[in-house]
1. Give the residues of segment 161-191 that are within 27 Å of Ile106 (Cβ to Cβ), assigned to a helix (DSSP H, G or I) and open to solvent by 20 Å² or more (accessible area, probe 1.4 Å), sorted by residue number.
2. Restricting attention to segment 243-274, and to residues there that are under 25 Å from the mean Cα position of the chain (by Cα) and aliphatic (A, V, I, L, M), which single residue is most open to solvent (accessible area, probe 1.4 Å)?
3. Report, by residue number, each residue of segment 115-135 that is open to solvent by 10 Å² or more (accessible area, probe 1.4 Å) and either outside any loop (DSSP other than H, G, I, E, B) or of a type in the set (Val, Ile, Thr) (or both).
4. Looking at segment 1-50, which of its residues are part of a helix (DSSP H, G or I) and crowded, with 17+ Cβ neighbours inside 10 Å?
5. Among Thr63, Thr72, Thr100, Thr53, which is the only one that is touching a residue at least 12 places away in the same chain (Cβ under 8 Å), open to solvent by 60 Å² or more (accessible area, probe 1.4 Å) and under 23 Å from the mean Cα position of the chain (by Cα)?
6. Considering only segment 302-312, I want to know if a residue exists there that is surrounded by fewer than 23 Cβ atoms within 10 Å (Cβ to Cβ), among the small types (Gly, Ala, Ser) and at pLDDT below 95.
7. Pick from Ala398, Ala322, Ala374: which is of a type in the set (A, V, I, L, M) and at pLDDT below 95?
8. Can you name the residue in segment 278-292 that is closer than 19 Å to Leu217 by Cβ and touching a helix residue (DSSP H, G or I) at 6+ places or on another chain (Cβ under 8 Å) and is also least open to solvent (accessible area, probe 1.4 Å) among such residues?
Amino acid sequence: MPPILPRVLLVHDYAGSRGGAELVIQDLRAGLRSRGIDARLLASTADAFEQDTAPDYPFRGSTGTFRSLRETINPDAVRVARRVIREFAPQVVHLGMLLTQASPAILPVFRGRAVLWMPNEFRPICPKGTRFLPDGRPCSHPVGLACLQEGCLRIRGLAPRLVQLSLLRRWQGIVKLVVSPSRAFADVLERHGVPVDAVVPHGVTVPPFRRRPRGELLLGFAGRLVPEKGVHVLLDALAQLPPHLSRVRLWIAGEGPARDMLEDRTRRLGLADRVEFLGHVPREELQRRFDAVTVQVVPSLWLEPYGLVTVEAMARGTPVVASAVGATPELIEDGRTGYLVPPDDPAALGRRLADVLGDPAGREGVAEAAWRVASGTFAMDQVTDRLIALYHDLLNPAGTKG
């Protein structure tokens, strides 16, 4: 067994628990510490955080007028990172998100160290960060003129982001190992000039399997309320369920700019008495509440780089019906550990939901098979061990890139 690493620095744009990427970095910090590793987090103050999710080293962030400039070069992130290198002297630097607060300017601070980067969004190859066009199509263009032609950004918003990506390319060689959470995401990154060295999924805590009570039929959605998450498709599918399923209810957990539109669509479809918007629900409370969900639905339209909510549902023993986009087909084997449907197809989603809701024995078997996969491939302990092995590879010259 290789010796324990005393010091690992985690770098991420945000602390707290604003989204899946933040939950991943918080879980990793906890997992490393549980193994006796001194893991510390360098993150911005741009989002609120509680005491247990606070960064060990905070730097100033911004969500205001000058955010695009700070995303390109954040002097305070550079200042704090230099202090961390002097005082903490990490053996390994693990980068998560760094293009919405920290900026590429922190990379030269880590020159000569064992640096691993695990991107989990499209910002390294897409100034908008989603690879999703305003008209609802996945984007296949390279960065540049197409960002203006497709209406994704105006020149004022695009220009600093192009500078940012230019700086990222300039200093990308400081990173010794790039890790993707899925093969699908890795393929997209590599097509656009970001080579990937390894694929390691994000980990989740897996509780003991519990058979679900057969009572009220309840669907659940958890995620940010934005068009690319496809909640409008789920509402249309709910409205198309056959009469014998007319009492099926839906919980929608999350916030976002599309909430008003989705609430209006709910009323127009006559679903107001069957759909409940829960707003933002803290992670632990969400897991408790969604224990009551019969089926979790992930109707995404964009190319999900991973799909943490899918894996969390599998770990909970909740059957998942999801769009066959991005990384999701890597997480779910259709009909065995979950159910896949074409994206942006309310009729197909409605038919699959009707089949699954009408087959309690079948969905119980699928849920248990999904839980077994989660307890192996996606368990936090196993994922943490795989990352520690990569850290040791980085510290061994034979295991690093040239």
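1. The first filter runs over segment 161-191 and keeps only residues within 27 Å of Ile106 (Cβ to Cβ), leaving 161-182, 185-186, 188-191.
Next, only the ones that are assigned to a helix (DSSP H, G or I) stay: 161-174, 185-186, 188-191.
Scanning segment 161-191 gives Arg161, Leu162, Val163, Ser166, Leu167, Arg169, Arg170, Trp171, Gln172, Gly173, Glu190, Arg191.
2. The initial filter retains those residues of segment 243-274 that are under 25 Å from the mean Cα position of the chain (by Cα), namely 250-263.
Applying the additional criterion that residues be aliphatic (A, V, I, L, M) yields 250, 252-253, 258, 261-262.
Numbers: Leu250: 0, Ile252: 0, Ala253: 8, Ala258: 9, Met261: 80, Leu262: 4 Å².
The extreme case among them is Met261.
3. Thr130, Phe132
4. Step one: of segment 1-50, the residues part of a helix (DSSP H, G or I) are 20-33.
Across segment 1-50, the qualifying residues are Gly20, Ala21, Glu22, Leu23, Val24, Ile25, Gln26, Asp27, Leu28, Arg29, Gly31, Leu32.
5. On the way: Thr72 fails: open to solvent by 60 Å² or more (accessible area, probe 1.4 Å); Thr100 fails: open to solvent by 60 Å² or more (accessible area, probe 1.4 Å); Thr53 fails: open to solvent by 60 Å² or more (accessible area, probe 1.4 Å).
The match here is Thr63.
6. No; the residues of segment 302-312 include none that is surrounded by fewer than 23 Cβ atoms within 10 Å (Cβ to Cβ), among the small types (Gly, Ala, Ser) and at pLDDT below 95.
7. Ala398
8. Applying the filter and picking the extreme gives Phe290.
The values are calculated or read from the model by the stated rules, or taken from the named source; none is laboratory data. As the structure is a computational prediction, the values presented were derived from the model and not from experiment. Here the Cβ is made from the backbone with ideal geometry for all residues, glycine too, and neighbour counts use every protein chain on show. When the accessible area is computed, the model is the full protein with side chains, heavy atoms only, and any ligands, DNA or RNA have been set aside. Shrake-Rupley method; radii C 1.70, N 1.55, O 1.52, S 1.80 Å.
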